[in-house]
Amino acid sequence: MTRDDEPRLEEEVLSTAAEIGVISQVDKVEDVNIDVKTNLLNIVQGQADSVSFAGQGLAIQKDIRVQEVQVQTGRIAINPLSAIFGEIKLTHPTDASIRVVLTEEDINRSLNSDYIRSKLPPLDLDVDGKIVTLELQHMEINLPGDGKIKCSGNVLLHEGNTRQLDFIALLYPRTSSQPLLLEAFHCTPGNGIGLELIVALMLKFKELVNLPYYELEGSAFRVKDMDVQKGTLTVMAEAYIRQIPSM
């Protein structure tokens, strides 16, 4: 490493302070590395050339854990005072690229956590002009390999009366080279399920997976690619981050 490539003192101070700030906010972390590229003049002006974040084994909230996460931003506008004390607060939105690796166990624990459940409101379907509501009760993801994702679980079906609907779906996720493909979908409701409801459910599912972006904590995310291996799911995404969420 040449002298010009060596981190400036202010970069080392901010990076170390940010790492300490992250460690203090998460429940558990195996490893974390934050690299802030800036200089003293930019700090005073509330700017940084880029911020990269890499973490392993992050337990962010109760039952929310990721195996690996990498975030890379371009030039960002930050609050200089908060940055000195280890908290990167954006004063303007920024674009970022994100790579997340999740294990099968992490996915299932998160899907059934109170936090994720609060982000999944009941789903209203228009079935021949009548509103039918699906309320998710439980869902489990299996990653058997061969690029497949198996989803199973149960929902409450509200259509005048209320009954439980169990389902199993086998699909290939959307990637940079192929659209989402549904290989099989099976329901076990006991009393049967109307064709109209199945059509409405498939149309709603298509609408959701084809959304150009997803909103979370005030920021917008677009999935670019997914890589499914046995037991793990890697997601590559682009993000428009309005604010870095508090952990």
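The values are calculated or read from the model by the stated rules, or taken from the named source; none is laboratory data. Here the structure is a predicted model, which is why all the values come from computation and not from measurement. Cβ: placed from backbone, ideal geometry, glycine included. Neighbour counts: every protein chain shown. Just the protein is used for accessible areas: all its heavy atoms, side chains included, with ligands, DNA and RNA removed. Shrake-Rupley method; radii C 1.70, N 1.55, O 1.52, S 1.80 Å.
The table that follows gives values for the structure above.
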quantity: Overall form of region 148-202 per C-alpha gyration tensor (a/c, 1.5; a/b vs b/c); calculated: prolate
quantity: Debye equation applied to the C-alpha atoms of region 34-127, log10 I(q)/I(0) at 0.19, 0.24 Å⁻¹; calculated: -0.94, -1.12
quantity: Restraint check, LYS62/LYS230; LYS130/LYS204; LYS150/LYS230; LYS150/LYS204, Cα-Cα greater than 21 Å; calculated: LYS62/LYS230
quantity: Cα long-axis angle, helix 195-209 against the chain (0 to 90 degrees, to the nearest 10); calculated: 10 degrees
quantity: Formal net charge of residues neighbouring LEU157 (Cβ-Cβ distance under 10 Å; K, R +1; D, E -1); calculated: -1
quantity: Viscosity 1.002 mPa s, temperature 20 °C, Stokes-Einstein D of the chain from Kirkwood C-alpha radius, µm²/s; calculated: 105 µm²/s
quantity: Surface accessible to a 1.4 Å probe, per residue, for the residues of the chain, Å²; calculated: 58 Å²
quantity: Region 194-241 shape via C-alpha gyration tensor axes, a/c threshold 1.5; calculated: oblate
quantity: Local net charge near LEU40, Cβ-Cβ under 11 Å (Lys/Arg +1, Asp/Glu -1); calculated: -1
quantity: Span per principal axis, largest first, for the Cα atoms of region 1-73 (Å); calculated: 41, 27, 18
quantity: Selected from LEU211, LEU90, LEU170 as most flexible by GNM, with the chain as the system and alpha-carbon contacts under 10 Å; calculated: LEU211
quantity: Zero-based 5 Å bins, Cα pair distances in region 95-201, whole percents; calculated: 2, 10, 17, 21, 20, 16, 9, 4, 1, 0
quantity: Long-range HN-HN contacts of LYS89 with modeled amide H, under 5 Å; calculated: ASN79, ALA83
quantity: Cα centroid of region 101-119 to Cα centroid of region 212-228, whole Å; calculated: 16 Å
quantity: Rounded, prolate or oblate (a/c below 1.5 giving rounded, otherwise prolate when a/b exceeds b/c) for region 104-145 by Cα gyration tensor; calculated: oblate
quantity: With Cα atoms, 0 to 90° folded angle of helix 9-25 axis to the chain main axis; calculated: 40 degrees
quantity: Percent accessible area from carbon and sulfur atoms, the chain, protein chains only, probe 1.4 Å; calculated: 54 percent
